[in-house]
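**Student:** This structure is in structure tokens; I'll ask about it shortly.
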Amino acid sequence: MSNMNNEIKKRRTFAIISHPDAGKTTLTEKFLLYGGAINQAGSVKGKATSKHAVSDWMEIEKERGISVTSSVLQFSYDGYCINILDTPGHQDFSEDTYRTLMAADSAVMVIDASKGVEAQTRKLFKVCVMRRIPIFTFINKMDREARDTFDLLDDIEKELGIATCPVNWPIGSGKAFKGVYDRAGKEVELFSDTQKGTQVGEVQKMDINNPEINWILGEEAQIKLKDEIELLDGASVEFDQELVNQGKLSPVFFGSALTNFGVETFLQHFLKMTSSPLPRMSDKGNIDPMIEPDFSAFVFKIQANMNKAHRDRIAFMRICSGEFDASMTAFHVQGGKDVRLSQPQQMMASERKMVDKAYGGDIIGIFDPGIYSIGDTLTTAKERFAYEGIPTFAPEHFARVRQVDTMKRKQFIKGISQIAQEGAIQIFQEYNTGMEEIIVGVVGVLQFDVLKYRLTHEYNVEIALENLPYAHIRWIENKDIALDKIVGTSDMRKIKDLKDRPLLLFIHEWSIRMTLERNEGLELSEFGR
């Protein structure tokens, strides 16, 4: 048990989130660079080199330069074993981000110094706040012109309702960016522009009271820094680890991921301020990885066709307790039977390596023959338990979908069903016509493009989408209610999901209230369980 506990203690599992273009992928790559997992950083858009970012593996991501799926990267640094869950930056994929955050113990929020908290990002960050997990902020792109630092912090506090505590403080920005001041050590870390690819910059540290500082920073920058520090010491919240753990206080760091400045400093502080894998709630109470010796895990993501040659499906799971052994057998709680966890692998984006062992806190992918669903629990414990489920977001956009070539019905049904099992889209049928008419619901409209692209490229099926005017969906909670008997409004439509559960679609929000008034005892829910 002690060796297993030592392994679990070394684990740090975090998600990295940001607005598109804030530099999240670059930061992720620099972490991997410091951990020795890669020796050359790729360029997301393929401008500097023809390489694509390590963590963007789906073709559509390479074409658009955005991350639409979450990838999992593992590397070692300074005695720690780190699992990074990279999330989509676009709000249209906030549901995928939410599920990924269920598997993370903390989150790193990347913000562009010239833009602050951006509209699209609010939803993603609020998801973090909902989870009440520790949130660490990296304000990136300090080597470009930035907004006033106090304004940036104010922005985070107002927009996200979380207090901030700057661990370091920037000295200038853009061409005048000189480095950062470490508040606890009272040292200045000096910035020198480093090569974009493999070079890890040398950081020069100097005591704030060192006379040489005057001519390095220049008189104006030094006076401004001293004034800002004085103001900061008087006005900002003291660092409090307990508040950080509760997700109420975000430690803030400044730097430039592209030039490697401030990344290693951030990583070192982050590892000290985060905890080893946390307990997780189940129907038998909290399962603590330091106490529970048996293996247990839950599925938070399913991804089909990660390898075109094999046409496979991978179920990603977060190990919550115990030790995983290659090809072990575990009890699949929702399936009610023992299953062999075959072809276990850890990912370096699309590069996979087979794993022999993994521990609480690790993320692994296993081959899915089509039996797993998001939220499923696997365990070797004699006393069975299930982890808390992952709620389904209510789709906000709907379209009728049909295949252009009617001869490809089989591929069409297979493709759309498999993509739906990944949780990116939800599919519904007309209440009384079965699979003849398929309605797709998504949280963000970009998901429609991804669906179209994937059906064409992975299943060789061309589809036509016809947008529907519905904006609200409700699951019917009553088990005993007959759908025929529900008296609705003229804009209401009766449908069912793949599990044959009845649902109602509405164009207007007021129609939901009217339907509830007209049907006494009817219970409607925004979440599908």
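**Student:** For GLU526, work out the one condition from (1) among the charged types (D, E, K, R); (2) touching a residue at least 60 places away in the same chain (Cβ under 8 Å); (3) closer than 23 Å to ASP405 by Cβ it doesn't fulfil.
**Tutor:** Status for GLU526: all satisfied but (3).
**Student:** Ok, one more. Of the conditions (1) under 16 Å from VAL252 (Cα atoms); (2) outside any loop (DSSP other than H, G, I, E, B); (3) touching a helix residue (DSSP H, G or I) at 6+ places or on another chain (Cβ under 9 Å); (4) open to solvent by less than 30 Å² (accessible area, probe 1.4 Å), MET142 fails just one. Which one is it?
**Tutor:** (2)
**Student:** Let me ask something additional. Wholly within the stretch 193-266, which helices (runs of 4 or more DSSP H) include no fewer than the required count, namely at least 2 residues that are at pLDDT below 85 and of a type in the set (Gly, Ala, Ser)?
**Tutor:** Hits in the stretch 193-266: 219-235.
**Student:** I need a count of the residues in the stretch 409-423 that are surrounded by fewer than 22 Cβ atoms within 10 Å (Cβ to Cβ) and either among the aliphatic types (A, V, I, L, M) or not in a helix (DSSP H, G or I) (or both).
**Tutor:** Looking only at that region, the number is 4.
**Student:** More than 23 Å from LYS499 (Cα to Cα), out of contact with any strand residue (DSSP E or B) (no Cβ under 6 Å at 6 or more places or on another chain) and touching a residue at least 60 places away in the same chain (Cβ under 8 Å): does that describe VAL450?
**Tutor:** yes
Residues checked against (1) of a type outside the set (D, E, K, R); (2) under 30 Å from LEU278 (Cα atoms); (3) within 35 Å of the chain's Cα centre (by Cα); (4) exposed (fewer than 15 other Cβ atoms within 10 Å of the Cβ):
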site: ASN210; (1), (2), (3), (4): yes, no, no, yes
site: ALA221; (1), (2), (3), (4): yes, no, no, no
site: LYS224; (1), (2), (3), (4): no, no, no, yes
site: GLU228; (1), (2), (3), (4): no, no, yes, no
site: ASP233; (1), (2), (3), (4): no, no, yes, yes
site: GLU238; (1), (2), (3), (4): no, yes, yes, yes
site: LYS248; (1), (2), (3), (4): no, yes, yes, no
site: PRO251; (1), (2), (3), (4): yes, yes, yes, no
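**Student:** With respect to SER114, determine if the residue is open to solvent by 10 Å² or more (accessible area, probe 1.4 Å), modelled with pLDDT under 90 and farther than 27 Å from VAL442 by Cβ.
**Tutor:** no
**Student:** Quick check: anything in the stretch 307-318 closer than 29 Å to VAL188 by Cβ, outside any strand (DSSP E or B) and open to solvent by 60 Å² or more (accessible area, probe 1.4 Å)?
**Tutor:** No.
**Student:** Further question: All but one of (1) among the aliphatic types (A, V, I, L, M); (2) over 19 Å from GLN421 (Cα atoms); (3) outside any strand (DSSP E or B) hold for ALA358; state the number of the condition that does not hold.
**Tutor:** Here ALA358 meets the rest and fails (3).
**Student:** Right, next: Please identify the pairs in which a residue from the stretch 411-427 that is more than 19 Å from ARG99 (Cα to Cα) has its Cβ atom under 6 Å from the Cβ atom of a residue that is assigned to a helix (DSSP H, G or I) and modelled with pLDDT of 80 or more, counting only partners at least 6 apart or on another chain.
**Tutor:** GLN411/TYR459; GLY415/LEU455; GLY415/TYR459
**Student:** If we scan the stretch 378-389, do we find a residue that is part of a strand (DSSP E or B), surrounded by fewer than 14 Cβ atoms within 10 Å (Cβ to Cβ) and of a type in the set (Lys, Arg)?
**Tutor:** No, because not a single residue in the stretch 378-389 is part of a strand (DSSP E or B), surrounded by fewer than 14 Cβ atoms within 10 Å (Cβ to Cβ) and of a type in the set (Lys, Arg).
**Student:** I've got another one for you. For the stretch 269-292, check the following and say yes or no: at least one residue is free of Cβ contacts under 8 Å to residues at least 40 places away in the same chain, assigned to a helix (DSSP H, G or I) and either among the β-branched types (Val, Ile, Thr) or within 25 Å of TYR181 (Cβ to Cβ) (or both).
**Tutor:** yes
**Student:** Then there is this: Collect the residues in the stretch 167-181 that are open to solvent by 20 Å² or more (accessible area, probe 1.4 Å) and either part of a strand (DSSP E or B) or in contact with a Gly (Cβ under 7 Å, 6 or more places away or on another chain) (or both), keeping them in residue-number order.
**Tutor:** Result: LYS178, single match.
**Student:** Starting from residues that are assigned to a strand (DSSP E or B) and modelled with pLDDT under 90, keep the ones in the stretch 319-349 and report whichever is surrounded by the most Cβ atoms within 10 Å (Cβ to Cβ).
**Tutor:** MET347
**Student:** Looking only at the stretch 350-368, filter to residues that are open to solvent by 40 Å² or more (accessible area, probe 1.4 Å) and modelled with pLDDT of 85 or more; which one of those is nearest to the chain's Cα centre (by Cα)?
**Tutor:** PHE367
**Student:** Sticking with this one: Enumerate the strands (runs of 3 or more DSSP E) found wholly within the stretch 425-529, keeping only those where 3 or more residues are within 21 Å of GLN303 (Cβ to Cβ).
**Tutor:** Ranges flagged: 434-442.
**Student:** For the stretch 408-431, does any single residue satisfy the condition of being more than 24 Å from SER373 (Cβ to Cβ) and modelled with pLDDT of 85 or more?
**Tutor:** yes
**Student:** Only one residue in LEU504, LEU465 is in contact (Cβ under 8 Å) with a residue 60 or more places away in the chain and under 30 Å from LYS410 (Cα atoms), so which one is that?
**Tutor:** Answer to the selection: LEU465.
**Student:** Could you check the stretch 1-107 for helices (runs of 4 or more DSSP H) lying wholly inside it with 2 or more residues that are at pLDDT 60 or above, of a type outside the set (A, V, I, L, M) and surrounded by fewer than 20 Cβ atoms within 10 Å (Cβ to Cβ)?
**Tutor:** Output list reads 2-10.
**Student:** Sticking with this structure for a sec: Tell me which of these LEU498 doesn't satisfy, since it passes every other one: (1) loosely packed, with under 14 Cβ neighbours inside 10 Å; (2) over 19 Å from HIS397 (Cα atoms); (3) touching a Ser or Thr at 6+ places or on another chain (Cβ under 8 Å).
**Tutor:** (2)
**Student:** Here is a check on your reading of the model: is ILE208 free of Cβ contacts under 8 Å to residues at least 60 places away in the same chain, in contact with an Asp or Glu (Cβ under 8 Å, 6 or more places away or on another chain) and either closer than 25 Å to ALA104 by Cα or not charged (D, E, K, R) (or both)?
**Tutor:** yes
**Student:** Oh, and also: Within the stretch 229-263, how many residues turn out to be within 21 Å of LEU27 (Cβ to Cβ) and among the β-branched types (Val, Ile, Thr)?
**Tutor:** Summing the residues that are within 21 Å of LEU27 (Cβ to Cβ) and among the β-branched types (Val, Ile, Thr) in the stretch 229-263 gives 4.
The values are calculated or read from the model by the stated rules, or taken from the named source; none is laboratory data. As the structure is a computational prediction, the values presented were derived from the model and not from experiment. For neighbour counting, all protein chains shown are included, and Cβ atoms are generated from backbone atoms with ideal geometry for every residue, glycine included. What goes into the accessible areas is simple: the full protein's heavy atoms, side chains included, and nothing from ligands, DNA or RNA. Shrake-Rupley method; radii C 1.70, N 1.55, O 1.52, S 1.80 Å.
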